[in-house]
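Working notes for the structure below.
The values are calculated or read from the model by the stated rules, or taken from the named source; none is laboratory data. What you see is a predicted model, and the numbers here were worked out from it, not measured in a lab. Note: ideal-geometry Cβ built from the backbone for every residue, glycine included; neighbour counts use all protein chains shown. To get the accessible areas, we keep the full protein, side chains included, count just its heavy atoms, and leave off ligands, DNA and RNA. Shrake-Rupley method; radii C 1.70, N 1.55, O 1.52, S 1.80 Å.
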Amino acid sequence: MYQHILLATDGSELSEKAVRHALALAKLSHATVTAVNISPNYPRSYFEGSTMQNPDDIARIEDGWERAAQGIVDKVVAEGAATGVPIKTLVIKSDMIAEALLETAKKENCDLIVMASHGYRGLKRLLLGSETQHVLTHATIPVLVLR
């Protein structure tokens, strides 16, 4: 069935549902899982929403975000160990979540992407966009979306 599953996780409760499903599917199909969390870059210019910040402060903030992201994927490793599923972790710094997920799936030779969708509708979707929709539209491999 599947050999290598890319699991996108942000640590949210909804994302935990995707983690449980990905691990169960990986166990059934004897697949490996690459758990990915995308860590944003701190806005650096006025047009990106930045304020005047000391570069050391920015580095400290980004380091905190990366540590939090690593903690999220490390939790998946622990859950995978409990179920006997091998997990590889990646923390990727990018502001373009969907593109980073698609590029990672290709680079890691994954044959399935598992992710959650927050299911925003109307104005929220227009303002926040839909990373899940972008992945669904541009993926060349199957995508399992949990809501």
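Please verify whether the stretch 40-57 includes one or more residues that are within 26 Å of residue 146 (Cα to Cα) and modelled with pLDDT of 90 or more. No - not one qualifying residue is present in the stretch 40-57. For first residues located in the stretch 76-97 and under 12 Å from residue 26 (Cβ atoms), partners that are modelled with pLDDT of 95 or more and surrounded by fewer than 19 Cβ atoms within 10 Å (Cβ to Cβ) and lie 6+ apart or on another chain with Cβ distances below 7 Å form the pairs 80/86; 83/27; 84/27; 85/27; 86/32; 87/77; 88/32. When the residues of the stretch 14-44 are filtered to those that are open to solvent by 10 Å² or more (accessible area, probe 1.4 Å) and among the small types (Gly, Ala, Ser), which remaining residue is nearest to the chain's Cα centre (by Cα)? Of everything passing the filter in the stretch 14-44, 24 is nearest to the chain's Cα centre (by Cα).
Kindly establish whether residue 69 is at pLDDT 95 or above and either under 20 Å from residue 97 (Cα atoms) or basic (Lys, Arg) (or both). In short, yes.
Would you point out the residue of the stretch 95-113, among those that are out of contact with any Ser or Thr (no Cβ under 7 Å at 6 or more places or on another chain) and of a type in the set (D, E, K, R), that is modelled with the lowest pLDDT? For the stretch 95-113, the residue satisfying everything is 95. Among the residues examined, residue 53 qualifies as without any contact (Cβ under 8 Å) to a residue 40 or more places away in the chain and part of a loop (DSSP other than H, G, I, E, B).
Restricting attention to the stretch 1-15, the residues that are more than 23 Å from residue 99 (Cβ to Cβ) and modelled with pLDDT of 95 or more add up to 1.
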